[in-house]
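Just so it is clear, none of the values below were taken in a lab; they were calculated from the coordinates. Computed from a predicted structure; not experimentally measured. Using ideal geometry, Cβ is built from the backbone for each residue, glycine included, and neighbour counts are taken over all protein chains shown.
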Ligand code: KG4
Ligand code: ZN
């Protein structure tokens, strides 16, 4: 059983083939990701029109390459899956229309996949993992803890009430005169800085609710940067180090509460925490989550970085799960800029404002 997956929800154009073998195990046959980041760097963030145009230009060739690398043809594919949302509408239209056209031409089922579900299920592709488990999704557009109970059964425990964590890294970098995307450069500079030099706030730390908040942290950095201006290279590295310490400290406190909720709900089950999203590339963040899991008897699962960030293998894998259950999409399905995994949970004021990035 083979599924072609297509991902175009933000600034990565991606195509992949995932196969399920006779023993019920899934394998990635090909996984091609084309990052458009160079096109967006001059603007300090993702420009939707540029993203959509770039998807149109390269998606056909990428699908062809994914089929070639998997040593397969369209006739040997069982279903075609594409991200249906959440994301930037222009990009989503490109991926969905391409997938629908291929499915119609080759007479295959078409499946529109929720991008967040792709992230949520990735760890089942890379690791031997049973439901239920906890997912911490930390990307440029989302900061959520989701209880993954089964395929299509998701409960959001906590989410950001303002900025997403990746967004906080990006905005902090901008304040410090550093380029987009901010995460990798802040991580690099933080390793050289003094994380004890400035006291930064830990938003919501100690509060009972399971949500996150990062905008106060960014505002505090702005204040300090103004007071210290002009900033030397050492000042910037010290601020980056203090910012990262505040982030890991806050994240540990917030996630710890969700671990307790899981243990309370499933006292007899194996407990696992999975991390996904671009921010999961950060080593300090991975280490702090590992320590937290060790302290609470949780298994910590961090898929390889290339599968934590946006890719099409996760879309093909989620599509495969739906295909197995005969759960196909209609050809008249429309892209959704907002598509919460947990449709029951109401959006929080200000959360996911950028909305486009997942
Ligand atoms: O999941 P992703 O690749 O794209 C979407 O948001 O859809 O995540 C990108 C985000 C950016 O905000 C970027 O600054 C952040 O992930 N990021 C990092 C690191 N690498 C990427 N944040 C902290 N540390 C990193 N090493
Ligand atoms: Zn994503």
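Looking only at segment 250-300, residues that are more than 21 Å from the chain's Cα centre (by Cα), more than 17 Å from residue 127 (Cβ to Cβ), in contact (Cβ under 8 Å) with a residue 60 or more places away in the chain and assigned to a loop (DSSP other than H, G, I, E, B) come to 1 in all.
Please verify whether segment 103-116 includes one or more residues that are assigned to a strand (DSSP E or B), more than 26 Å from residue 166 (Cα to Cα) and in contact with a helix residue (DSSP H, G or I) (Cβ under 6 Å, 6 or more places away or on another chain). Among the residues of segment 103-116, at least one is assigned to a strand (DSSP E or B), more than 26 Å from residue 166 (Cα to Cα) and in contact with a helix residue (DSSP H, G or I) (Cβ under 6 Å, 6 or more places away or on another chain), which makes the answer yes. Can you spot a residue in segment 313-335 that is more than 21 Å from residue 86 (Cβ to Cβ) and within 16 Å of ligand 2 (Cβ to nearest atom)? No, segment 313-335 contains no residue that is more than 21 Å from residue 86 (Cβ to Cβ) and within 16 Å of ligand 2 (Cβ to nearest atom).
Here's the yes/no breakdown for (1) farther than 18 Å from residue 140 by Cβ; (2) surrounded by fewer than 22 Cβ atoms within 10 Å (Cβ to Cβ); (3) touching a helix residue (DSSP H, G or I) at 6+ places or on another chain (Cβ under 9 Å):
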residue: 179; (1), (2), (3): no, yes, yes
residue: 182; (1), (2), (3): no, no, yes
residue: 196; (1), (2), (3): yes, yes, yes
residue: 199; (1), (2), (3): yes, yes, yes
residue: 205; (1), (2), (3): yes, yes, yes
residue: 213; (1), (2), (3): no, no, yes
residue: 216; (1), (2), (3): yes, yes, no
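Of the conditions (1) closer than 18 Å to residue 91 by Cβ; (2) surrounded by fewer than 20 Cβ atoms within 10 Å (Cβ to Cβ); (3) touching a strand residue (DSSP E or B) at 6+ places or on another chain (Cβ under 9 Å), residue 55 clears all except one; give me its number. The failed condition is (2).
Check off (1) in contact (Cβ under 8 Å) with a residue 24 or more places away in the chain; (2) more than 16 Å from ligand 2 (Cβ to nearest atom) for residue 310 and give me the number that stays unchecked. The number of the failed condition is (2).
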